[in-house]
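To keep things clear, I will list the structure first and then write my remarks on it.
The values are calculated or read from the model by the stated rules, or taken from the named source; none is laboratory data. Because the structure is predicted, anything quoted here is derived from the model rather than measured. Backbone-built Cβ (ideal geometry, glycine too); neighbour counts: all protein chains shown. For accessibility, only protein heavy atoms count, side chains too; no ligands or nucleic acids. Shrake-Rupley method; radii C 1.70, N 1.55, O 1.52, S 1.80 Å.
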Amino acid sequence: MNFKQLEQYFIKELFVWYEEEEAKQLFYLAAEDVSGYNRTQLLMDAMTIPGTEQFLAYEYILLELKKGRPMQHILAGASFYGLKFKVNESVLIPRPETEELIEWILDTVKAQPVSSILDIGTGSGCIAITLKKNLEQVEVSALDVSADALTVAKENAAANNTAINFIHSDIITYSSPVKYDFIVSNPPYITQTEKEEMHHNVLAYEPHLALFVSNENPLLFYKSIADFALLNLKPGGRLFFEINEYLGKETVDMLLDKGLSNIILRTDMQGKDRMISCNL
């Protein structure tokens, strides 16, 4: 079986679980990990037949995908903003939409230099580590309620050669005298109603602690973080959120009620309300 046939095999075997384009993307990830091939190389060497050991590796990946395991867990890693991050069941898999939040923060720093940033609900550490990697002179701190998540984040910080100040605490009860130029968070925001529509591999393999909130209080963490920001942002400091696409107006209204200003709501690459920034 050559690489072209192997790609078609992936698509056919994953038909029940993934649409054709998704299955192709998964095959490309597998090919990069197992054979070191990017898409261009796959096209050029489409008739090449992988060796027995490589073919067995593809079969293993396919078997795990059919169980519902995310590809990033099978490969024990995910790419985010050009960096590699270890991921497992203790942390969320970094999403492309969050890269857009990183871009917004880095663009803002060009006009508003900063010396300190706090990432709340850091998970794998992808936001904090990526910001530190691109803003070497900035002191970056990262907070999470999950000790298991912080273990993963610390490993990722070491692997990416970044110094992060990690804090183990619950933002709902956390208090500190430290003030920051920027605070950023991608907190839990998926309601129980939305949970019913989610893909099985997310529900089975990603931490519910980092995903879900009640239907009755979907902005629970946003409110707590806004209250923390009111006390812990420096004058002129900014707060950045990734948000639930269905709660853009509600989040803006909440921030206005808290007394925050210069509120900007942005859409992501798919045109969905996804990010908010505001000033103290």
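Here are some notes:
- Taking only protein heavy atoms and a 1.4 Å probe, the accessible area of the chain is 53% carbon and sulfur.
- For the chain, the longest principal axis of the Cα atoms and the long axis of helix 20-34 meet at an angle of about 80 degrees.
- Pairwise FRET efficiency - residue 155 versus residue 223, Cβ, R0 = 35 Å, nearest 0.05: 0.65
- Per residue, the convex hull volume that the Cα atoms of the chain enclose (Å³): 136 Å³
- In this structure the amide hydrogen of residue 180, modeled in the peptide plane, comes within under 5 Å of the amide hydrogens of 233, 234, none closer than 5 places in sequence on its chain.
- Considering only region 1-159, percent of DSSP beta bridges that pair antiparallel, nearest 5: 40 percent
- Rg/Rh (Cα only; Kirkwood hydrodynamic radius) as it applies to region 19-68: 0.96
- Most mobile of 120, 11, 93 in a GNM of the chain (Cα contacts under 10 Å): 11
- In the chain, the longest principal axis of the Cα atoms and the axis of helix 96-111 are about 40 degrees apart.
- Gained length - residue 8 relative to residue 41, 0.36 nm times residue gap less alpha-carbon distance: 10.2 nm
- Dimensions of region 52-167 along the principal axes, based on C-alpha atoms and rounded to the nearest Å, stand at 53, 28, 22, largest first.
- Whichever aspartates and glutamates have a C-alpha closer than 13 Å to that of residue 86, once near sequence neighbours (fewer than 8 apart) are set aside: 148, 155
- The Rg/Rh ratio of region 100-158, with both radii computed over alpha carbons and Rh defined as the Kirkwood radius, is 0.98.
- Cross-link pairs beyond the 29 Å C-alpha cut-off, checked among 133/234; 133/258; 4/84: 133/258
- Solvent-accessible surface of the chain, averaged per residue with a 1.4 angstrom probe and all protein chains in place: 48 square angstrom.
- Interchain or long-range residues, amide H under 5 Å from residue 142's placed H: 119, 165, 166, 167
- For the pair residue 172 and residue 64, a Förster radius of 30 Å applied to the C-beta separation gives a FRET efficiency near 0.25, rounded to the nearest 0.05.
- The calculated FRET efficiency for the pair residue 249 and residue 106, based on their C-beta separation and a Förster distance of 25 Å, comes to about 0.40.
- Degrees, to the nearest 10: 3-13 long Cα axis against longest axis of the chain: 70 degrees
- Dipole magnitude for the chain: computed about the Cα centre from +1 point charges on Lys and Arg Cβ and -1 point charges on Asp and Glu Cβ, it is near 600 debye.
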